[in-house]
Amino acid sequence: GSESIFNIGSGARAMGIGNSFTEMGNDAATIYYNPAGLGSLSRQQVTFLHTTLFESSVYDYVAYAYPSADLGSFGLAVMRIGTDDIGRRDNISDIGKFSATRMQILLSYGRNITDRFASGINLKLAHQSIDDYSDYGFGFDLSGQAKLTSNLRAGITLQDIVGARLKLLNTSERTPFTLKTGLAWLWGGGNDSYSGAILFDLDKPENRNVKIHSGLELNHRSGLSGRAGYDRDNFTLGLGILYQDLRFDYAYKFIDRLTDSHRLSLSYDFGKVRSNDGVGRQSRYSASDLAMARTDAARSVSMRLHQRLLALLAMADKQFAEGNYQMAYENYLGANVYIEPGASEAVHVESQLDSLHVILRNMPSSKILASDSIAIDAMRQRYRQQADSLEAYYRAKADSIVNTATQTDNESTRQLRVQVLLTKGLTNYLKGNTPVARANFKAALALDKGNATAREYLKLIRDKIGKPITLEDLQQDAAVWQNYLDGLEAFTRGDYTEAIRLWEMVLEKYPNSQRTIDNIEQARLRLKN
């Protein structure tokens, strides 16, 4: 049996997850895998792929995707594989060079039929040449994608359902038909730190056995992605870096008995978001599509603010280690305004601030003592203004992406966000993660001021934990406050067991001291590590 030579794929991202992309296509690489995926694009995109194969052979893919406002989405792609500078010989005489190439041009169309199903088609112009012999042929693909649940997607492609016929000299050859199908399980997104997908695909080329593809993709909100997969008979690895609208992807494939292969691709998104999903000329985005567009914008804002947070933390940690306590204190204060409720960095920052509070209090030579509340409040205000200004800038940028949404769309998105926050709040409440649950319910109430569920659970939380105990409350009890400070000093010198013992004595009298609880958690993490 045989199959298309272009089964190498069309994007380093897809190659990194074992070419499992039939059901996952949401970029310009999907033109080859499943043109129905064009229906999920909200902005224009160009992508370039370059792969070095064997004996100076190269494989290239370039594509452009255009989602229109009313007519669905269009795509244009060119794929080429070729070997140049092949020596032409007559017996033992060298009489020049020639090349061998295969190329196909794909004109694609994808459209969302409903908010759960999309279809697509590829029209193909194929070309083959060896030396002075060449020919052209035509073919096409049909495909579909379905959102089975909020997390589960499926895809199918009838590739080369009509295969191009090419004849160089005497024999006509047809590109064989291939059936591709797959499933993907997606999780995360929005303001979550991590998101990803698990994928599984099957290929059935004409007159060949079934081929298996599988992959795992893990994305961090900072823009980094890690990938691993299995592509038919070999394992693959991948890495992705997203910076604003530019994405770089790299894939590495282990190949038995041959040189391992490196694949590189670059993608760029541009233009405004289309104003509807292409289901009909008068229709707008479905609620799920609009939510996805807003989630992408929110992720962009969150990623940039998180990068600012990490930069401040790295600077503060370095200054703390070098003994530059004054600057470290200021930078921890600055980092604190970028931390979201319940984030993992919160415990670290609060612990460091407490330690520096003790250190600076005993350093009369410091320019701003930790006990100088007026100076500290001024610093907090300055950093808060900087953070608000930066966030406002990024949010204005993100809002320009989704400015075509109507008030109805905004209401649908708001209600969807409220439901997500309520679900997270309930999950954290049942897990006993009360502070994070409280933040979730407060955020839901801010979006929907009359939400009875959020109000009910906030009352339950208030009744459960009683009046929160602040550091000022602890200072009123001299013996307890001394235990708290002794715990900080033990933590600073690395005696985490002693710090935990002292702080647990504080909790015996003041069980609602959240700062003490967080300190103990941080000390236990240090012991574990």
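With Cα atoms as the point set, the range 95-234 shows a radius of gyration and Dmax of 19.4, 64 Å. Overall shape of the range 224-266 was characterised from the C-alpha gyration tensor. The equivalent ellipsoid obtained from it has semi-axes of 24, 10, 6 Å, in decreasing order.
Rounded to the nearest 0.05, what FRET efficiency is calculated for Ile92 and Leu264 with R0 set to 56 Å and r the Cβ-Cβ distance? Each step should come with its number before you reach the end.
Numbers: r = 39 Å, r/R0 = 0.70.
That gives a FRET efficiency of 0.90.
Summing +1 for each Lys or Arg and -1 for each Asp or Glu among the other residues whose beta-carbon sits under 10 angstrom from that of Asp518 gives -2.
Plainly put, the range 455-529 has a radius of gyration that is 1.05 times its Kirkwood radius, both from alpha-carbon atoms, as the Rg/Rh ratio.
Hey, any idea what Rg/Rh is for the range 190-260, computing Rh the Kirkwood way over Cα pairs?
Rounded to two decimals, Rg/Rh equals 1.08.
Stretched out straight at 0.36 nm per residue, the stretch from Phe254 to Ala446 would grow longer than its current Cα-Cα span by 64.0 nm. Here the peptides 141-148, 94-101 are ranked by packing, the mean other Cβ count within 10 Å, and the order with the highest first is 141-148, 94-101.
Leaving out ligands, DNA and RNA, and with a 1.4 Å probe, what % of the accessible surface on the range 21-139 is carbon or sulfur? Could the numbers behind the result be given before it?
Working: 3060 of 5260 Å².
With neighbouring chains kept in place, the figure for the range 21-139 is 58 percent.
Once Rh for the range 110-169 is found with the Kirkwood sum over Cα pairs, what is the Stokes-Einstein diffusion coefficient at 37 °C and 0.692 mPa s, in µm²/s?
Diffusion coefficient, whole number: 242 µm²/s.
Projected label points at Leu460 and Ile105, each 7 Å from Cα along the beta carbon direction, are separated by 6.3 nanometres. Once the Cβ-Cβ distance of Leu218 and Tyr243 is raised to the sixth power relative to R0 = 30 Å, the FRET efficiency obtained is 0.95.
Rolling a 1.4 angstrom probe over the range 196-237 with all protein chains present gives an accessible area of which 63% lies on carbon and sulfur atoms. What net charge do the residues around Ala228 carry, taking every other residue with its C-beta under 13 Å from that of Ala228, with Lys and Arg at +1 and Asp and Glu at -1? With Lys, Arg at +1 and Asp, Glu at -1, the net is +1. Surface exposure of the range 48-165, expressed per residue as accessible area with a 1.4 Å probe, stands at 51 Å². The share of Cα pairs per 10 Å bin across the range 66-129, counted from zero up to the longest distance, runs 18, 28, 21, 15, 10, 7, 1 percent. Using only the Cα atoms of the range 70-173, each taken as one equal point scatterer with no solvent, compute I(q) by the Debye sum, divide by I(0), and report log10 of the ratio at q = 0.14, 0.18, 0.23 Å⁻¹. Listed by q, the Debye log ratios stand at -0.70, -0.92, -1.18.
Go through 106-112, 501-507, 41-47 and give me the packing order, highest mean Cβ count within 10 Å leading.
On the way: 106-112: 23.3, 501-507: 19.4, 41-47: 21.0.
Taking the mean over residues of other Cβ atoms within 10 Å, the ranking is 106-112, 41-47, 501-507.
Quick one: length gained pulling Glu55 to Ile5 fully straight, 0.36 nm per residue minus the C-alpha distance?
Values: separation 50, 0.36 × 50 = 18.00 nm, distance 1.64 nm.
Extra length from Glu55 to Ile5 when fully extended: 16.4 nm.
For the charge dipole of the range 86-172, defined by +1 on Lys and Arg C-beta atoms and -1 on Asp and Glu C-beta atoms about the Cα centroid, which residue among Gly139, Gly155, Leu125 has the Cα displaced farthest towards the positive pole? Comparing the listed Cα positions along the dipole, Gly155 ranks first. When the solvent-accessible area of the range 445-526 is split by element, carbon and sulfur atoms take up 52 percent of it, the probe being 1.4 Å.
Quick one: compute a quarter of the convex hull surface over the Cα atoms of the range 8-110 and quote it in nm². Intermediate values should be presented prior to the final figure.
Values: hull surface 30.0 nm².
In nm², the orientation-averaged hull projection of the range 8-110 is 7.5.
For an R0 of 60 angstrom, estimate the FRET efficiency from the Cβ-Cβ distance between Ala228 and Thr453 and round to the nearest 0.05. The formula returns an efficiency of 0.90 here.
The values are calculated or read from the model by the stated rules, or taken from the named source; none is laboratory data. Model, not experiment: these values are computed from the prediction. Quick reminder, even Gly has a Cβ in these numbers, built from the backbone with ideal geometry, and neighbours come from all protein chains shown. To get the accessible areas, we keep the full protein, side chains included, count just its heavy atoms, and leave off ligands, DNA and RNA. Shrake-Rupley method; radii C 1.70, N 1.55, O 1.52, S 1.80 Å.
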